[in-house]
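Worksheet for the structure shown next.
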Amino acid sequence: MDIPNNLRYRATHEWASTDGDEVTVGITDYAQDQLGDVVFVELPEAGRRVTAGDTVAVIESVKTASDIYAPVTGEITAVNGSLMDSPETINESPYEGGWLFVLQPEDPEAAEDLLSAEDYDALVQEI
């Protein structure tokens, strides 16, 4: 299971990557593995304001559907529209091509409050 050290994580299996004043969000390798083959993604609209913990997107797989939560409060500035035609990218590349959306956080430091890779790994080991 891949858990990159440069990312931050939610206990609900979303990852967050901070780049300047933007936070890119996706689901972890663990989450995509548990979901199985992803067949559909419902993404939010750019411009939507969200609060940390809000349901923002839905990923459907052959097994189940899973809500995706905002890791930080802010405004969605971009979505990965290519997932509409190729949702399997989430399985193939959860940390690169399978990103879901980008947020402009209200608080640029907010992502630092999320789990570290080490803490997320410990969480997953307990499941």
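Rule-based calculations on the coordinates, nothing more; no lab input. Worth saying up front: this structure is predicted, and the values here are computed from it rather than measured. Cβ sites come from the backbone with ideal geometry, for glycine too, and all protein chains shown count toward neighbours.
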ask   = Once both labels are modelled 7 Å past Cα along the beta-carbon direction, what's the D2-E60 spacing in nm?
value = 2.7
request  = Please report, in Å, the Rg and the Dmax of the chain, where both are computed over Cα atoms only.
outcome  = 13.3, 37
query = Cα gyration tensor of segment 39-85, axes a ≥ b ≥ c as square roots of the eigenvalues: rounded (a/c below 1.5), prolate (a/b > b/c) or oblate?
reply = oblate
Separation in nanometres of the label points that stand 7 Å from Cα toward Cβ, at D107 and M84 = 3.4
inquiry  = So the label point goes 7 Å from the Cα of D37 along Cα→C-beta, right? Which residues of segment 43-80 then have their backbone N under 16 Å from it?
reply    = 60-65
inquiry  = Treating only the Cβ of Lys, Arg, Asp and Glu as charged (+1, +1, -1, -1), what charge dipole size does the chain show about its Cα centre? Round to the nearest 20 debye.
reply    = 300
note = Total charge of the residues flanking G81 in space, meaning their Cβ is under 13 Å from its Cβ, with Lys and Arg +1 and Asp and Glu -1, is -3
